[in-house]
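Here the structure is laid out as structure tokens; the discussion comes afterwards.
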Amino acid sequence: MSETRSRRRGEQLETAILDAAWAELNEVGYRGLTMERVASRAGTSKPVIYRRWANRAELVLAAWGRQVPERSRPVDTGGLRSDLLELFSRLARRTEGIMNGMIAGVMAEAFRDPEVTALLQQRINSAPLAEGLRRIVARAAERGELPPLDLPRRAVRLPLDLIRNEAMICGSRLPEDAVTELVDDVYLPLLHGLGSR
């Protein structure tokens with residue numbers, strides 16, 4: 001091992017590995033990504049990678065998390081529908097930043113491996129979407145657009161599920177009218193239905 005390689009540790013080494021994994025995903029997709037290629041590109045070894053990530057899906061999720069910012073400015077346009085359109089549009093833009101093949105690959109791995117399933121669920125459930133969506137709904141209630149609601153967990157996850165499903169079926173770039181339909185035909189009726197219970 002070269003002197004340069006032996007000096008890299010901790011965050012510097014982890015960054016090199018995650019950047020290498022992301023570059024590989026962009027070049028060869030999830031199916032073509034191997035730990036050998038990532039190790040070679042990062043200038044490290046497979047055992048070093050496996051000490052941090054148990055499998056390819058874990059590595060890809062970590063690389064995805066590094067590339068896609070978790071937090072952004074809060075959505076507050078002054079109205080429920082426009083807030084939801086902005087939120088769904090942001091989710092759609094984030095989805096464009098990740099390859100559908102990568103999503104499909106991780107999902108396929110999740111079906112085969114319960115640990116990957118748990119990791120994927122943990123990532124989805126800990127996303128900052130829940131906090132932002134609850135703020136949108138609370139402000140709508142303050143303005144009288146909705147009664148006060150306590151959003152069920154699945155209703156909180158639904159915007160991400162809808163966008164991800166559309167992206168996987170329709171291709172990586174969601175048309176604006178598809179985002180509008182998801183808000184107007186699915187999510188707003190859901191919120192009003194929850195409010196009338």
_Complete set of residues in region 153-174 that are touching a residue at least 12 places away in the same chain (Cβ under 8 Å) and among the aliphatic types (A, V, I, L, M)_ = 155, 156, 158, 160, 162, 163, 167, 168, 174
*Return the total of residues in region 25-52 being touching a residue at least 24 places away in the same chain (Cβ under 8 Å) and outside any helix (DSSP H, G or I).*
4
*Please state which one of 150, 177, 184 is in contact (Cβ under 8 Å) with a residue 12 or more places away in the chain, within 22 Å of residue 79 (Cα to Cα) and acidic (Asp, Glu).*
184
*Search result, residues across region 136-164 that are out of contact with any helix residue (DSSP H, G or I) (no Cβ under 9 Å at 6 or more places or on another chain) and of a type outside the set (Asp, Glu)*: 138, 144
*asked:* Looking at the structure I just gave you, is residue 146 aliphatic (A, V, I, L, M), over 29 Å from residue 61 (Cβ atoms) and not in a loop (DSSP other than H, G, I, E, B)?
replied: no
*Looking at this structure, is residue 85 within 11 Å of the chain's Cα centre (by Cα) and either modelled with pLDDT of 90 or more or surrounded by 14 or more Cβ atoms within 10 Å (Cβ to Cβ) (or both)?*
no
*Hey, could you check region 164-189 for residues that are of a type outside the set (Lys, Arg), buried (at least 17 other Cβ atoms within 10 Å of the Cβ) and at pLDDT below 85 and say which is nearest to residue 87 (Cα to Cα)?*
174
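The values are calculated or read from the model by the stated rules, or taken from the named source; none is laboratory data. These numbers were taken from a predicted model, which means no experiment stands behind them. Reconstructed Cβ throughout: ideal geometry from the backbone, glycine too, with neighbour counts over all protein chains shown.
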